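Everything on this sheet refers to the single structure shown next.
The values are calculated or read from the model by the stated rules, or taken from the named source; none is laboratory data. Just so we're clear, the structure is a prediction, and the values are computed from it rather than from any experiment. Note: areas computed on protein heavy atoms with side chains; ligands, DNA, RNA excluded. Shrake-Rupley method; radii C 1.70, N 1.55, O 1.52, S 1.80 Å.
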Amino acid sequence: MDRAKIENIFEAYFQKYKKTEGDRTAWSAVWLENTPAGVLELNMTKCPKGTTFKIFINKKKEAQVLGWDAYFAIMAEISSKYPGLYDAEKLFSEMEFVI
């Protein structure tokens with residue numbers, strides 16, 4: 001799946017499932033993926049500073065990055081560090097199905 005399609009799916013998912021962080025200046029949407037390799041949680045937050053991604057692996061915060069370029073870079077690192085955990089094709093196909 002190409003980068004533009006991933007961005008479009010995640011943005012559409014965010015618009016449908018976002019929740020406020022309390023003060024209505026920050027909004028988040030979370031995707032949880034259970035795999036045989038562990039649990040991957042992707043948290044997309046939009047606030048005045050930009051789009052932030054928090055990545056949790058097995059309930060432990062692995063990374064927090066700002067912007068799409070940083071997201072794709074960190075997910076490439078996570079894919080090599082945790083084989084079998086992040087399958088973009090499967091994850092974003094499932095995300096697309098629920099929107």
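Quick notes on this structure:
- For the stretch 17-24, Karplus couplings with θ = phi - 60° (6.51, -1.76, 1.60), whole Hz, Gly/Pro x: 10, 5, 10, 6, 8, x, 9, 6
- Globularity ratio of the chain, using Cα Rg and 2.2 N^0.38 Å: 1.02
- Computed from Cα positions, the angle between helix 88-98 and the longest principal axis of the chain comes to roughly 50 degrees.
- Converting phi to 3J(HN,Hα) with the Karplus coefficients 6.51, -1.76 and 1.60 and the offset θ = phi - 60°, the stretch 38-46 yields x, 10, 10, 10, 10, 10, 9, 10, 10 Hz in sequence order, with x at every glycine or proline.
- Proximity of backbone amide H atoms, modeled 1.01 Å from N, is registered between Tyr82 and no other residue at under 5 Å, excluding neighbours fewer than 5 places apart on the same chain.
- Accessible area in square angstrom per residue, the chain, 1.4 angstrom probe: 57
- Protein accessible area in the chain, 1.4 Å probe - carbon and sulfur %: 54
- Residue-by-residue Karplus 3J(HN,Hα) for the stretch 64-76, coefficients 6.51, -1.76, 1.60, Hz, glycine and proline x: 9, 10, 10, x, 5, 4, 5, 4, 5, 5, 5, 5, 5
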